Amino acid sequence: MKRALLLFLAFTAAWLAGCDKQDDGPAPELTLSGGTEKTLATGGGSESVTFTTNTTWSAEIASATPGEWCRVSPESGGAGTATVTVTAEANPDTRSRTAVLTIRAGGLTETVTFTQGEKGTVSLAQKVYQDIPAEGLSFDILFDGSLDCDQYGAKVLIEYRNWLSVEQPEEGESSYRIGVTVRPNTSSSSRSGRIAIVDKTGAGLDTVTVEQLQQNVLKWDPRRIEHNYTADVISSELQSNTEYRIEIEQQEPAWVSRIESKAASTEELRFQIGRNESKLPRTALVIVQSTNSDSPLRDTLTIVQSGIADFYRDKEVITIQQATEGNVDLVFMGDGFTIDDMATQNGYYETSLRKAVDYFFDVEPYRTYRNYFNVYIVCAVSNDRGISGSLDHKGETLDTKFSVAYTDVGNSSGMEVDAEPALEYAEAAPIRDVTQTLIVMIANCPDYGGTTTSWSNGISIAICPMIENEPPSDYRGVVQHEAGGHGFGKLIDEYIYYSTALPDDMKASFRQWEGFGHNANADLTDDPARIEWREFYELPRYGMVKAFERAYMYARGIWRPETNSCMNNNVSYFNAPSRKKIVERIMELSGRSFDMNDFLAKDA
C-alpha cells in the first residue's frame, strides 16, 4: 500500500511537471522601412512610416513643443506590414520643432524623429508696385529674410501669368532680389496682379501686388456720321481714359454745337446740327485731343450733312408701274408724314410706301398677276408727324392729312380714317373709277393695328401701320392681311375672339356682304354639296381644302376652308378659295372672264 502511494505521487508529480512546460512560439520582430529621421513641411503636411512586425503593435507621437501640432494614424494594428501617417500643422513659429514617433510591438520599440522647419520671415522693401507704365518694364523686388536665399521661392498666381513673370530669388548686394517682368498692356483698362513669396515647401510667406496702367485711349465710335439736310441731334461715343478738350471746325455760320453732358469713361457725346438750307453738302470736324502732354492723343469725328433735297409736292403722283395685261388700279398714300419726309432722293415717304407695294405683291396670287396692276403713290403732306392716339401720342389729336387714328389704344387694333380727303387724293392718280380702286393708307406709326373700311359700292380703304413687331404681326403681315385680303380680295377674318356660336345678327350681316361679293373664304354651312369651295373637293392636289369650324371671330356655326391662312394670323399665305376669289376680282376689273383651268395652271 505504501509502495502504491509512492508510485501514484511520483506519477502525479511527473504529470504536473509536464503541464508546467510552455511553448512561447517565435520571438517578436519589428523592422522599419526607411530611416529614422524625417522632415515635415513648414507649411504643414504628412509623412508616412512603414514597418513590419509579427505581432500586434501600437504607435504614439510626442513633442516637447506645446500644443497638439502633429498626430499619427492609425495608432494600433495587427501582425504584418503596416504604414502609419504623421500629419503636422503649419509651423507658425520662427523656430524649428521636433516630434518623436514611437512604435511598440511585443516588447520591441522603434522610434522615428520628425523635424519641422521654422517659418521663414520676409521683410519686403515694397509691397505694392504702382503705376507700372502700359508699355511694360522689368524691375526687382527686394526683401530680407530669416532663411538662406535658396530656401525662398517666387511664383505668379496663375490668373496673372499671361502678363507677369518672375525669376527665382537671388542674393543681391545687401538683400535678396526677385526679378519681375511686366509685359505691355494693350487694353484701355488698368490691371493688377499678385506675386507670392514662398518657402522651399511652397508655403506662402508674403504677397507683392503689381499695378499696371492702361493704354491711353481717345477714340470716336463711329468716326464718321452722314446726315440729311434736316436739323437733328446726333451722337457718337467717345472712349477715353485721359483728360481731353474738344474743338469743332466748321463753316460759318456755325451749324454744329455740342450738347453738354456728364463725363464718363465711355460717354455718348451729342451734337445739335442745324437744317441745311443750301443744296450743297457741308462738313464739320469735331476734334478731340488729350490735355496730357505726356500722352498727345487725338481723334476726329467727321460730320457730313447733305444739301437740301427736292421735295414731292402735296398730291403729286409717283407712278410705280403700269399694267401690261389688265388694267387694275391700286393707290398707296400715307398719313402722318411731314414735308421733311417728302424728299425725292431716298425720302422717307417714298421708301416707306414702296416697301408697302413690295409687301402687297410678295404673296400669291398677287406675285403671279402683278402685271395686271397699275400702281401709284399719291404724296400727302401732314402738318404733324405720327398718328393720333398711338402709344407716342396718347390722348393727342395730331394735325394729319387724313386724320388716321387709333380708336382704342391698348385694347384694340381698330383704326379710323377720314374717307373724304382720302378719296379726293386717290383721284389725283390717273385711275378709271375710285369705286373700283383699292386705297392703301400707310400710317406713319410702329404700333400694332390695322383696319379696312369697305362700302357696298366697292370702295375700300385699308389702313396699315408700319408695325415693328416680330413676323407675322409686322408691317408685311398687316399689308397682306388688310390690303391684300380685306381690301382687294374682299375676304373675311378667319381668327376667333369668342368660343360661342355665330349670333343671328352676325349671320345676317355675313349674308348681306356675301351678296356684295365678299366673304369667299368662309361659309355658314359645311355641307359638301353646298359649301362655297366645293369645287376644290374633287381636285386631288387640293386635299388640304376642307371645312374647319371657326371664322369671323366665332368658334362655332361658321367654317373656313383650311387650317391656316393670312386672314387668320397674317402669315404670308392665302388659302386656295381666297386665291381663286382674288384672281376672279383681277379678271373682273380687267374686263376679262375668269377661267378655272387657267387659274389652276398658274396657281402656286
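The values are calculated or read from the model by the stated rules, or taken from the named source; none is laboratory data. As the structure is a prediction and not an experimental result, all values here were calculated from the model. A quick note on method: Cβ atoms are made from the backbone with ideal geometry, for glycine too, and the neighbour counts reach across all protein chains shown.
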*Which numbered condition trips up Leu205, out of (1) in contact with a Phe, Trp or Tyr (Cβ under 9 Å, 6 or more places away or on another chain); (2) in the same structural domain as Glu135 (by TED's automatic domain parsing); (3) at pLDDT below 85?*
(3)
*From Glu159, Glu173, grab the single residue that is under 40 Å from the mean Cα position of the chain (by Cα) and surrounded by fewer than 15 Cβ atoms within 10 Å (Cβ to Cβ).*
Glu159
*Taking region 181-193 as the search range and keeping residues that are over 15 Å from Glu135 (Cβ atoms) and in contact with a strand residue (DSSP E or B) (Cβ under 9 Å, 6 or more places away or on another chain), which one is surrounded by the most Cβ atoms within 10 Å (Cβ to Cβ)?*
Gly193
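Residues are listed down the side, and each one gets a yes or a no for (1) outside the structural domain of Asp526 (by TED's automatic domain parsing); (2) in contact with a His (Cβ under 6 Å, 6 or more places away or on another chain); (3) within 15 Å of Thr368 (Cβ to Cβ); (4) modelled with pLDDT of 95 or more:
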residue	(1), (2), (3), (4)
Arg550	no, no, no, yes
Tyr554	no, no, no, yes
Gly557	no, no, no, yes
Cys566	no, yes, no, yes
Ser572	no, no, yes, yes
Arg579	no, no, yes, yes
Arg585	no, no, yes, yes
Met596	no, no, no, yes
_Residue that is surrounded by the most Cβ atoms within 10 Å (Cβ to Cβ) [pool: residues in region 377-408 that are of a type in the set (Ser, Thr, Tyr) and outside any loop (DSSP other than H, G, I, E, B)]_ = Tyr406
_Among the residues in region 327-337, are any surrounded by fewer than 22 Cβ atoms within 10 Å (Cβ to Cβ), aromatic (Phe, Trp, Tyr) and at pLDDT 95 or above?_
no
*Give the number of residues within region 429-446 that are surrounded by fewer than 23 Cβ atoms within 10 Å (Cβ to Cβ) and hydrophobic (A, V, I, L, M, F, W, C).*
2
*So which of Leu238, Leu269 ends up being without any contact (Cβ under 8 Å) to a residue 40 or more places away in the chain, in contact with a Ser or Thr (Cβ under 9 Å, 6 or more places away or on another chain), under 14 Å from Thr302 (Cα atoms) and among the hydrophobic types (A, V, I, L, M, F, W, C)?*
Leu269
_Tally, over region 349-376, of residues that are part of a loop (DSSP other than H, G, I, E, B) and loosely packed, with under 15 Cβ neighbours inside 10 Å_ = 1
*asked:* So for region 303-326 (the condition being within 40 Å of the chain's Cα centre (by Cα) and exposed (fewer than 15 other Cβ atoms within 10 Å of the Cβ)), does at least one residue qualify?
replied: yes
_For region 265-316: of the residues being β-branched (Val, Ile, Thr) and outside any strand (DSSP E or B), which is farthest from Arg224 (Cα to Cα)?_
Thr291
_I'm trying to understand the selection: among the residues of region 555-574, which are surrounded by 24 or more Cβ atoms within 10 Å (Cβ to Cβ) and farther than 22 Å from Tyr498 by Cβ?_
Phe574
*Are any of the residues in region 25-44 exposed (fewer than 12 other Cβ atoms within 10 Å of the Cβ), under 60 Å from the mean Cα position of the chain (by Cα), assigned to a loop (DSSP other than H, G, I, E, B) and free of Cβ contacts under 8 Å to residues at least 12 places away in the same chain?*
no
_Checking the conditions here, which among Val156, Val100 is of a type in the set (Val, Ile, Thr) and not assigned by TED's automatic domain parsing to the domain that holds Thr55?_
Val156
